Amino acid sequence: MGEERKGTASTQTVTRGKQPATGAKKERGILIPPAWQTLLLPVLAVFTGLVIGAIVIVITDAAVVATYRNFFRAPGTALAATWHTIATAYGALLYGSLGNPREVYEGMRLYLSTGDNTLFLRAIWPITESLVAATPYIFGGLAVALGFRCGLFNIGAEGQLGIGALAAAWVGYSITNLPALIHLPLALLAGALGGAIWAAIPGYLKAKTGAHEVVNTIMMNWISFRLSDWLLNGPMKAPGYRPITPNIEPTAALPRFFPPPIRFHAGFFLALIVAGIVYWFLFKTTLGFEIRTVGANPDAARYAGMSITRSIMLAMVLSGALAGLAGTSQVLGVDHWVGQGFTAGYGFDSIALALLGKSHPFGVVLASLLFGTLRSGATRMQSLAGIPIDIISIIQGLVIVFIAAPAIIRWLYRIRVERAEEVVLTRGWGK
Amino acid sequence: MATTAVRAQQKAFTLGRSQWLGIVFLIAGLLTFLFFGRGLEAGIKTKFGLNPGFASQAIPIPDLVLPTQPTIYAMVLIMLLLGVLQLVRGFRFADALLGVVALCFVFAFLTWAARGKSFNLVGMLGSSLVRATPIALAALCGIMCERSGVVNIAIEGIMLISAQVAVVVATVTKNLYAGLVAAILSGAIISAFHAAMAVSFKVDQIVSATAINIFATGATSFISARFLEKNTNLLNNSGTFRIISIPLLSKIPILGPIFFENGLIVYLMLILTVLVHILLFYTKWGLRVRAVGEHPRAADTLGINVYLVRYVSVILGGMIAGIGGAYFTIGSVGRFDEIMTAGKGFIGLAAMIFGKWAPFGAFASSILFGFADSLQIKLQILRVPIPSEFLLMAPYIVTMIVLTGVVGRAEPPAADGQPYEK
């Protein structure tokens, strides 16, 4: 592994020096500098995922498949039906996630001239929903990305998110008569703390006993599911039949900027700020440097006198806090209560986002915006085109595969160049 | 409270692992005494049913009626005695002893929980085995993969997809065996993909497995929403394997109804546990698998094809997981529901670690996990004032403790999770 990384570095210097590698003549394809490849590969991965998603939509549509029985007699009908299905589906996806610019413009004009804002609000609703969906993704993606940077695979974002959400909700509904200026930060802090504590346990075990964090965070996930089942049916249950917490006090809610149907809240800006802080922490501070060094090469870090135990603990706790904030932003900004199955899939989605964003805070933000858009658009696609929302999970799985195995994408699009810098992920749990 | 006391002692004079265990035994004994032994009405009795609840081939035998308090005290005594002995001189088979103590604790707990009532022990042990089946199959898949050095946390996804394939194929062909074969094949295909990613593309194995899990959730829910929900009778209603009573053996009281009156997949699980054990530890192939998992370079030097061994092991593991997936549909309810595996693949992973990467160990821990699962249902019926959720947490907590190496150190294969570069 060490040798291979050294090799990678030398190839990069060669290509950066605008001197094509010597082996260039043997392979065919387009030569793209590594710096561009890091941008291009994720784009191509998402594109390919969408294309395969379209194929899945078509071949599971009985009406379209039926037209292919007569393909040789009427190829036009089959192709038109195919095109129509894809266009309807992805059109609904696009419309459901971004809205229509013309409607926004007309709504705006109407609002300015008459003061009637209903049209304007209806027009911007889709895009605000996308941002709402992206908010917990940003936090979650940052959580997993921070872990990756330290060589930790935090599969437990799901559990940390749930515990964070419960902690935030508890502070949100149990404390009353506090000014929002104190109550809201307190609830946010509680959420972050809940996630941090939940991650600290596997972090401590990893740092002290070497117990692998992947297994332990998976176990912590299941413990958290059982714990929240119990809390929601017992101590934290709201009066009534449903296993949900009471509504939080209005003073703990993240402020919203538009009247009711629009749920866009301040959590989105908080997420962007936190992404900036994570970037600053990872790349501009000593502690961040240590975390990255431990992730890239623990032996070198130890030799340089860095404390691996401290870095692992710190990275895990911060990762948990970010995951906790993901749940918190959803509770304080959108739902205002926590119910069973609250976390459903956020944790695994976060892994996808961290990978797609190449474990870079800004990359994670872009990836989250993309997947938030896809998720909220898919809801519309389900109602307009009748395509189950789960298609997004299929696309997500495919995107991870393409990101993790860039060789597939390079082969598909005939892209040459040895390989771009690869983020170090986990090491196996053997020694 | 107990742990701080232990830590304080640890600082005063260093405690070895065996003393540590002794203290754990003593604490278990004392807790049993404090919580279950005291404050019981005199003369109250616990009745353990030894005949299964269903119509069975087994020869009926009288139920076991025990006086509650003396039984609990007997268990407490055994625990304390073992604790003192362990503390003073230590045993070689400390882990086995731990098992005995755990058993005493559980038995004392059951005696307490069912005081003044009757409790069908055989019925519950039987349902433990049934509930353990998918967990054990998942664990066997994990063992096959990880012994060859490939981490596979995609078992959950593999089982989910093969569960769906099994029920659809079985319903369409009206043949359960066809469904089972299809499930095994789909398990093989998905794990072959995982093997290709892990072995050939050298992708991070956890990333690849996560992708498979996400894809599996999406794909099965998609197909479910698009096809199965509308055509339940045509696609998603297969019926299940009949209960097969093995002649003679099923007539044995207690053991008969637990082990020898089950569905096909339970038997397959029992057979596969033995088979995988023999394969791994008594055949040339098994030796190669373990060599590749421990030290691939050495294995390669000796002329073993590392890639081939890993591919075959992972695919075989996937086939076993495919059977595990089939259990969920054609083995138990005859219908596919979204995300019906509900984490059993991950619990199988825990069982594999708890069982120290060995088939029999994994089988035993799967039974334990299955037991916890059926116990919590039973306790709800008995109205025991312990939230069932906490009982369900126990297996995960135990796995984490085992991973720390305090109790029964678990060592994974040395090259587990590392891609091999030739």
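For this structure, a couple of remarks:
- Dividing the helix sum by the residues of chain B, where each DSSP H run of 4 or more adds -39500 (n - 2.57), gives a mean residue ellipticity at 222 nm of -21500 deg cm²/dmol.
- Normalised by the number of residues in chain B, the average gap of Cα pairs under 8 Å and 6 or more apart makes the relative contact order 25 percent.
- The Cβ shell under 11 Å around B:THR68 holds other residues with a net charge of +3, Lys and Arg each +1, Asp and Glu each -1.
- Euclidean distance of C-alpha centroids, the range A:272-298 and the range A:76-121, integer Å: 41
- Chain A, relative contact order [Cα under 8 Å, separation at least 6], %: 30
- Extension gain (nm, one decimal) between A:TYR95 and A:ARG69, 0.36 nm per residue minus Cα-Cα: 6.2 nm
- Taking a ≥ b ≥ c as the square roots of the eigenvalues of the alpha-carbon gyration tensor, the protein assembly as shown is classed rounded because a/c is under 1.5.
- Of the DSSP H helices in chain A, those whose Cα atoms cover at least 27 Å axially and whose Kyte score averages -0.5 or more: A:34-59, A:75-98, A:118-149, A:180-209, A:213-233, A:308-330, A:361-385
- Model label points for B:THR283 and A:GLU103, set 7 angstrom from Cα along the Cα-to-Cβ axis, are 6.2 nm apart.
- Whole-Å distance, taken between Cα centres, linking the range B:135-164 and the range B:220-290: 15
- Counting 0.36 nm for each residue step from B:LEU64 to B:ALA192 and taking away their Cα separation leaves a gain of 41.0 nm.
- Shape of the range B:122-364, Cα gyration tensor, a/c cut at 1.5: oblate
- Between 0 and 90°, nearest 10: helix B:284-294 axis offset from chain B longest Cα axis: 80
- Pairwise FRET efficiency - A:ARG414 versus A:ARG122, Cβ, R0 = 51 Å, nearest 0.05: 0.70
- Cβ crowding within 10 Å averaged over residues, with B:33-40, A:246-253 ranked highest first: A:246-253, B:33-40
- Label zone at B:VAL172 (point 7 Å along Cα-to-Cβ), backbone N below 18 Å, the range B:219-262: B:219-239
- With 31 Å as the limit on Cα-Cα distance, the pairs of A:LYS208/B:LYS378; A:LYS206/B:LYS378; A:LYS208/A:LYS284; B:LYS251/B:LYS378 that go past it are A:LYS208/B:LYS378; A:LYS206/B:LYS378.
- Residues of the range B:312-346 with amide N under 15 Å of the 7 Å Cα→Cβ point at B:ILE243: B:332-333
- Centre separation in Å (Cα based) which lies between the range B:57-119 and the range A:353-383: 54
- Relative contact order for the range B:206-352, counting Cα pairs under 8 Å that sit 6 or more residues apart, in percent: 29
- Considering helices alone, the calculated mean residue ellipticity of chain A at 222 nm is -23500 deg cm²/dmol, with DSSP H runs of length four and up weighted by -39500 (n - 2.57) and normalised per residue.
- Shielding by partners - mean other protein chain Cβ count within 10 Å, residues of A:341-347: 1
- Cross-link check: pairs B:LYS202/B:LYS422; B:LYS284/B:LYS356; B:LYS45/B:LYS117 evaluated at a Cα-Cα cut-off of 19 Å; pairs beyond the cut-off: B:LYS284/B:LYS356.
- Förster radius 45 Å - calculated FRET efficiency between A:ILE55 and B:VAL100 (Cβ-Cβ, nearest 0.05): 0.20
- Calculated FRET value between B:LYS230 and A:THR209, using beta carbons and R₀ = 45 Å, to 0.05: 0.30
- Helix B:264-282 axis, angle to chain B major axis (alpha carbon atoms, nearest 10°): 80
- Cβ-based net charge around B:ASP300, under 14 Å, with every Lys or Arg adding one and every Asp or Glu removing one: +2
- Burial order of peptide ranges A:384-390, A:231-237 (average beta-carbon count within 10 Å, highest first): A:384-390, A:231-237
- Cβ-based net charge around A:SER393, under 15 Å, with every Lys or Arg adding one and every Asp or Glu removing one: -3
- Cα gyration tensor, the range A:47-114 - rounded (a/c under 1.5), prolate or oblate: prolate
- Modelled spin-label separation between A:ALA300 and A:ALA35, with each label point placed 7 Å from Cα along the Cα-to-Cβ direction: 2.1 nm.
- Nearest-ten-degree value, helix B:359-382 long axis tilted from longest Cα axis of chain B: 60
- Loop trypsin sites (Lys or Arg not before Pro), the range A:304-384, which have at most 14 other Cβ atoms in a 10 Å radius of their Cβ (DSSP): none
Read-outs: derived from the displayed coordinates by stated rules, not from any lab. Here the structure is a predicted model, which is why all the values come from computation and not from measurement. For neighbour counting, all protein chains shown are included, and Cβ atoms are generated from backbone atoms with ideal geometry for every residue, glycine included.
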